[in-house]
Structures are given as C-alpha cells and as structure tokens.
1. Give the cross-link partners of Lys158 among the aspartates and glutamates, using a straight C-alpha distance below 14 Å as the criterion and excluding same-chain residues fewer than 8 apart.
2. Taking the Cα-to-Cβ direction at Ala62 and at Asp156 and moving 7 Å from each Cα, how far apart do the two end points lie in nm?
3. Tell me, what ³J(HN,Hα) does each residue in region 78-84 have, in order and in whole Hz, if you take phi through Karplus 6.51 cos²θ - 1.76 cosθ + 1.60 with θ = phi - 60° and put x for Gly and Pro?
4. Given Cα pairs under 8 Å that are at least 6 residues apart, what percent is the relative contact order of region 7-230?
5. What is the local net charge at Met194, summed over the other residues whose Cβ is closer than 12 Å to its Cβ (Lys, Arg +1; Asp, Glu -1)?
6. In the neighborhood of Leu31, defined by Cβ-to-Cβ distances under 14 Å, what is the net charge if each Lys or Arg adds +1 and each Asp or Glu adds -1?
7. Hey, what did region 120-178 get for relative contact order, percent, Cα under 8 Å, at least 6 apart?
8. Work out how much length Arg205 to Ser94 would gain on full extension: take 0.36 nm times their residue separation and subtract the Cα-Cα distance, in nm to one decimal.
Amino acid sequence: MNEAPRLIALVPCAGSGARAGAQRPKQYQPLAGRMLVQHTLAALAAVGRISRVLVVVAPDDATLDAQPGVEAAHCGGATRAESVFNGLVHLRASGAADTEWVLVHDAARCLVTPALVDALIDACLESDEGGLLALPLPDTLKVVQGGRAVRTMARDGKWLAQTPQMFRLGHLHAALQAHAAGGFAGITDEASAMELAGCQPLLVRGGALNLKVTYPEDFAVAQALLLARQQ
C-alpha cells in the first residue's frame with residue numbers, strides 16, 4: 001500500500017515588515033505575551049496532519065534558532081517569492097519528495113486557526129492542483145489615479161487571497177523556478193505562480209479574522225483577538 005504524501009508547512013519569515021513602522025521585523029514584535037510568529041507556528045503545530053514546519057529566515061537571522069520545535073532554514077531571499085523558492089530547494093535537498101504537499105503560510109497571519117488549515121487540507125487533497133484560503137471581496141473596489149477614485153470595479157468574482165496556500169512541492173517548485181531568472185517579477189503569492197503555469201487553484205473560504213498583520217493598527221486588533229482566545 002502506498003503511503004499518503006506528507007504535509008509540510010513552509011513559513012517565509014525573512015521580511016523586514018517596513019509597513020508596520022516598527023524598529024524590528026514585525027514577525028518578531030511582542031504580541032499577547034509571545035513573538036507574533038510564535039502564535040503562527042503554534043497554530044500550524046496544532047494541525048495534526050502537518051508533519052514538518054520549516055521557517056525560512058534571513059541568512060544572518062538567529063532569532064528562532066533556539067526555539068524548541070522550530071526548524072529554521074537560513075536561506076531567506078529579498079522577496080517573499082524568493083524565500084519560498086529557496087525554502088522549497090531546501091526541502092528537496094533534505095529529502096522531501098516532489099509529491100509531498102507544501103502549505104505556504106505568512107508568518108504575519110498569526111490568527112489562523114487549525115480548523116481553517118484543516119478545511120484547506122480536506123479540500124485540496126481532492127484536487128491535484130491545490131488551492132488557497134480566500135474570501136469574497138466584501139467592499140467596493142476603486143481604481144485610483146493621483147489619489148482620486150476614477151472608476152469603480154465590479155466586485156463579483158473577486159476574492160481576497162489568504163494563506164495557507166497548498167500545492168505539491170514539485171509543482172510549486174517548477175512554477176516558481178520558471179520566474180527565478182526574472183527576479184520573480186509579478187509573482188505576488190504562490191497561487192499567482194501556479195496560475196501562470198496553467199493551473200486553476202481551488203479557492204477555499206477562509207475567515208475574516210485570518211488577517212495579515214501589516215500596519216501599526218493591525219497589532220492592536222491581533223492582540224485583542226489573541227487575548228480573547230486565551231480567556
């Protein structure tokens with residue numbers, strides 16, 4: 001009997017988080033008693049089907065080296081796409097098979113729940129093309145020029161991409177490798193690389209609270225929600 005492919009979580013964690021306006025990368029900012037990324041890693045570790053969690057950090061970043069249960073790969077790149085690609089190369093070099101599933105998750109999405117991740121896994125295991133958590137666009141979408149709205153776009157059929165995004169390791173590696181020579185231009189997430197490779201990733205409904213901590217005010221929201229969960 002063939003064994004089921006393993007599930008591996010890959011967390012790109014090499015960004016500077018400049019939009020957060022903090023002195024240090026946002027993923028290492030204190031939040032509800034822990035570093036932000038520790039909440040993220042705890043949520044992924046609670047998903048029983050994930051057998052390995054790899055965190056891709058900058059080459060000179062030792063912040064997570066002493067964290068129990070954390071596997072840090074010092075191969076982060078200048079962009080998210082480069083960090084993910086380098087992480088995939090690391091996984092392949094360390095024995096991971098191309099048939100295994102990789103769930104790429106933003107370090108700054110610290111409010112993800114094991115239930116959301118499990119829902120994505122259940123849906124993607126039915127489709128070889130993989131998929132991602134996402135939400136239908138709830139707000140009016142404006143096209144802006146010079147700081148002024150010039151056109152309103154229909155929001156029908158438009159979704160906001162979240163993470164995790166789950167694809168076969170070999171498929172995602174090949175999709176990203178096709179854009180490596182061009183510095184991964186135009187690749188904003190893993191699904192965008194897969195789309196350009198001719199795939200149609202499945203959209204699995206995520207959650208409004210699965211927000212990405214990006215701006216200074218996001219920290220207060222995330223802290224309040226994390227503290228509420230601890231009660």
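1. Here the aspartates and glutamates satisfying the reach criterion relative to Lys158 are Asp139.
2. If labels sit at Ala62 and Asp156, their model points lie 5.8 nm apart.
3. 6, 10, 4, 4, 5, 5, 5
4. Taking the mean separation of contacting Cα pairs over the length of region 7-230, I get 25 percent.
5. -4
6. Result for the neighbourhood of Leu31: +4.
7. 39
8. 36.7 nm
Bear in mind these aren't lab numbers, they're just calculated from the coordinates by the rules spelled out. Since this is a predicted model, take the numbers as computed values, not measurements. Please note: Cβ atoms are built from the backbone with ideal geometry, for glycine as well, and neighbour counts cover all protein chains shown.
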